[in-house]
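Each remark here refers to the structure printed beneath this line.
We did not get these values from a lab; they are worked out from the coordinates using the rules stated. In this text the structure is predicted, and so the values were computed from the model without any measurement. Positions of Cβ are generated from backbone atoms using ideal geometry, with glycine treated the same way; all protein chains shown enter the neighbour counts.
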Amino acid sequence: MSQLNADQFLVRTYGGPTALFEYGGLRFLTDPTFDGPGDYGLRVILTKTAPSTGTPADLGPIDVVLLSHDAHADNLDTSGRAMLTDVPLTLTTPSGGERLGQKVKGLADWETVELERPGGGTITVTGVPAIHGPGPREEVEPFTGQVVGFVLTGEGLPTVYVSGDNASLDAVKEIAERFAPVDTAILFAGAPRHPMLFDGNLLVLDSAQAAEAARILDARRVVPAHHDSWAHFTEGREDLEAAFTAAGLADRLDQDWTQRSTA
């Protein structure tokens, strides 16, 4: 399957899970993380190894934050939390919506919200399943908490999937049953592992699983995120490129995706 036309919307990545894109006239930001390198957390320490390639001031106005979850510093840090006060709407998990308060709405699986487009019409954002670790959701959530992914659709617009911190290909299959083919998939990958969680097993997709997710979704374009800047990410750019090449899907990777670094 060929890539989308050159006028496909741009996705800019800033390190970790943070990506910016304009869709249907609105500007969306995923999982804002702009704090500097260092150790974060208490019982489970996460180490940021590189600064973001931009700052909140570089972004310009953001209409909607798509926040996969608020429990971990590699998805929402101090700078990101401060940003939320200036953003009109943040969409996240039901429990995160309760914790974060005003201007934040939680989405359960398959729950939708309609957003008004500046030029008329609407964008539908659907909350979709995500499991942040190995095994069934009921066994994983007590340790890593709720996580949500998102699908964006609208009349005359491409279908966009933002995976969030998901490790489950079964969840991807559920999403594909409702939304495939997907035009753009922003896939969180990086094969993160932590010795204090699930005996070091995967917390989010590895590179081969990301390629398989692209196949399941029949994704025409994939923008990888969540694969750099943190010590617990065990696979990076070269692993992703190798996995997509091995799967015969190298043409699905967004052209020059590693260069999406400036607003």
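Please give the net charge around Gly127, taking every other residue with its beta carbon less than 10 angstrom from that of Gly127, where Lys and Arg add +1 and Asp and Glu add -1.
Once all neighbours under 10 Å are counted, the net charge is -1.
Going by average Cβ neighbours within 10 Å, how do the peptides 37-43, 18-24, 184-190 rank, with the highest at the top?
In decreasing order of mean packing, 37-43, 18-24, 184-190 become 184-190, 18-24, 37-43.
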Distance from a point 7 Å along Cα→Cβ of Val44 to each backbone N in region 181-210: keep the residues under 18 Å and list them by number. 188-206
If packing is taken as the mean number of other Cβ atoms within 10 Å per residue, what is the order of 235-241, 58-64, 98-104, highest first? 235-241, 58-64, 98-104
What distance in nm separates the simple spin-label points at Thr85 and Ala246, each placed 7 Å from Cα in the Cβ direction? 4.7
Which order do peptides 118-129, 159-170 fall in by mean Cβ count within 10 Å, highest first? 159-170, 118-129
Which of rounded, prolate or oblate describes region 17-133 when judged by the alpha-carbon gyration tensor and an a/c cut-off of 1.5? oblate
Please compute the net charge surrounding Val87, taking Lys and Arg as +1 and Asp and Glu as -1 over other residues with Cβ under 14 Å from its Cβ. 0
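How would region 105-263 be classified by its alpha-carbon gyration tensor: rounded, prolate or oblate, with rounded meaning a/c under 1.5 and the a/b versus b/c comparison settling the rest?
In terms of gyration-tensor shape, oblate.
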